[in-house]
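Single-structure report; data block below.
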Amino acid sequence: MATTQPIRSKKHVRELLAYYFKLGQFRNHVLILLCIHTALRISDLLSLRWDDVYDFESGCVKRSITIVEKKTGKVKTIALHQAVISALTLYAGAALPGRFLIENSRTKLAISRVQAYRLIRASGEAVKIGFHVSCHSLRKTFGYHLFNSGISALLIMDIFNHSSLVVTKRYLGITQDDKNEVYLGLSFA
């Protein structure tokens, strides 16, 4: 079995984020946006309800969400990026208290992990990323781009709620090309 890889190209990330938006499929757009901008595991993301992201009293999208991770049992608060807030605001026409955020329109339950994978994989194929993109690829994409923008691996480890830096290192998908860039970029002149 091949290891899941992050999407390294920012151009491909932008194309992936735009794919379902251009098709007017806002639920699917929000799914991919949340995967990339929150780094939540797909099981946690699919368990989100409108009440988690939307304040029905004020009629506004919340600025952050707080969840209890299924895998770790840890409480996690995530500030929502403005792109996520904007997409949720656009998608809020579907907002109903108690309903799942990423909902199957027939069953009124959250879409399945398999359906989420199919949607993400289809968008990756449509924008020609060059490898099978999965839910986990998007989680890793978050970490990879944070690390390459200079964010400490220790902070990324904490965001992912990993128990060791070894696990985080695997997530970051560091390649020999990344290492070569560091070696060649150092100058004392």
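General observations
- Binned Cα-Cα distances of the chain, short to long, each 5 Å bin given as a whole percent: 1, 7, 15, 20, 20, 16, 10, 5, 2, 1, 1, 0, 0
- Spin-label pair D51-A122: with each label point 7 Å from Cα along the Cα-Cβ axis, the two points sit 3.1 nm from one another.
- C-alpha long axis of helix 176-185 to longest principal axis of the chain, angle in °: 60 degrees
- Here's the list of aspartates and glutamates a cross-link from K71 could span, going by alpha-carbon distance under 18 Å and ignoring same-chain residues fewer than 8 apart: D44, D158.
- Loop trypsin sites (Lys or Arg not before Pro), the stretch 121-189 (other Cβ atoms within 10 Å of the site Cβ: 14 or fewer; DSSP): K128
- Computed FRET value (nearest 0.05) for R106 with S9, which takes r as the C-beta separation and R₀ as 30 Å: 0.25
- For the chain, with +1 on Lys and Arg beta carbons and -1 on Asp and Glu, the positive-most of I111, I42, S187 along the dipole: I111
- Sequence ranges 152-164, 15-27, ranked by mean other-Cβ count within 10 angstrom, highest first: 15-27, 152-164
- Distance violations [Cα-Cα > 25 Å] among K62/K169; K74/K108; K10/K169: K62/K169; K74/K108
- Cα-projected label distance for V114 with Q25, points at 7 Å along beta-carbon direction, nm: 1.8 nm
- Taking 0.36 nm per residue of separation and subtracting the Cα-Cα distance, full extension of the segment from C60 to L155 would add 31.2 nm.
- Lys, Arg +1 and Asp, Glu -1 on Cβ, resulting dipole of the chain about Cα centre, debye, nearest 20: 440 debye
- The distance linking the stretch 15-72 with the stretch 107-175 is 15 Å (Cα centroid to Cα centroid, whole angstrom).
Each reported figure results from applying straightforward, stated rules to the coordinates on display, with no laboratory input. Model, not experiment: these values are computed from the prediction. Glycine gets a Cβ as well: all are built from the backbone with ideal geometry, and neighbour counts include every protein chain shown.
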